[in-house]
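The structure appears right after this line, and notes come after that.
Any read-out appearing in this document is the output of simple, stated calculations on the displayed coordinates, not a laboratory observation. This one's a predicted model, so the numbers in the text were calculated from it and none came from an experiment. Cβ placement follows ideal geometry from the backbone for every residue including glycine, while neighbour counts extend to all protein chains displayed.
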């Protein structure tokens, strides 16, 4: 819809005003709600337009509004998304809707859908996990080759933090895709496995590192995973899985040979093991 220049000016000013709940993402929703209310802007002053939009600016209540919310080129951030405005009920509803937006033809929509998904899972994983059937759409995306490359890490994160132990198989299938195509987000795989079921993280490392040969794609995937595991500072993790990690380190040492990158990873892991080992009776 075409709006008078004054309306566009007010929208621009409001989007820069740093008001809670008012942004480049919520203002399109305000305009749409004003149109539904048959508001005519032509004879209004700047102040009147601003008040009308502020009164209607808010987070999506329908899929159509979520589409408007995700379209702007501006990336969603913690400034845009606040738990004070987005409730648990919003989160549960958005999780169900976002499956479709992850494969939307509009790249801005895809990008912001991923950002919103990760934020919702981080903030509301307990509420989402209470309704595991709502994640079935993400499980179906695992089998869609056109959907998984860019979304793999985010699907893994969602299933890991909010899913059930049976989702481990999906996560393992997607982990290799993340490592090959989206290494920037490999930490999300570690977080997912660690939160889903800590032994699953050990199983994944064993799968990638102990059942493959050095130089293989699978072994390389395992090294990337191990590098992220080495950043875990939870002493209880290293105490619980001391023997497993010690075995994995020995396997990597035997297989990888002299490699400075591998050495740095193993040094970090061995420091964790030495620290918890020194506390053993």
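Worth pointing out:
- Taking other Cβ atoms within 10 Å as a rough exposure proxy, 181, 25 sort from fewest to most as 181, 25.
- Kirkwood hydrodynamic radius of the stretch 1-58, from the reciprocal of the average inverse Cα-Cα distance over all distinct pairs: 11.1 Å.
- Cα-based shape type of the stretch 90-151, given that a ≥ b ≥ c are square roots of the gyration tensor eigenvalues and the cut on a/c is 1.5: oblate
- Helix content alone sets the calculated 222 nm mean residue ellipticity of the chain: runs of n ≥ 4 DSSP H residues at -39500 (n - 2.57) each, divided across all residues, give -21500 deg cm²/dmol.
- Between residue 111 and residue 63, full extension at 0.36 nm per residue minus the direct alpha carbon distance yields a gain of 15.6 nm.
- Label-point separation, residue 140 to residue 92 (7 Å along Cα→Cβ), nm: 2.1 nm
- Under the simplified labelling scheme, the residue 260-residue 19 pair shows an inter-label distance of 5.5 nm, with each label point 7 Å from Cα along Cα→Cβ.
- Rg over Rh [alpha-carbon atoms, Kirkwood Rh] for the stretch 31-184: 1.05
- Given the choices (i) 63, 61, 28; (ii) 78, 39, 29; (iii) 78, 38, 36, Cα extents along the principal axes in Å derived from the coordinates of this structure is entry (iii).
- Computed label-point distance, nm, for sites residue 181 and residue 38 using a 7 Å Cα→Cβ extension: 4.9 nm
- Least to most buried among 23, 206, 211, 260 (fewest other Cβ within 10 Å first): 260, 211, 206, 23
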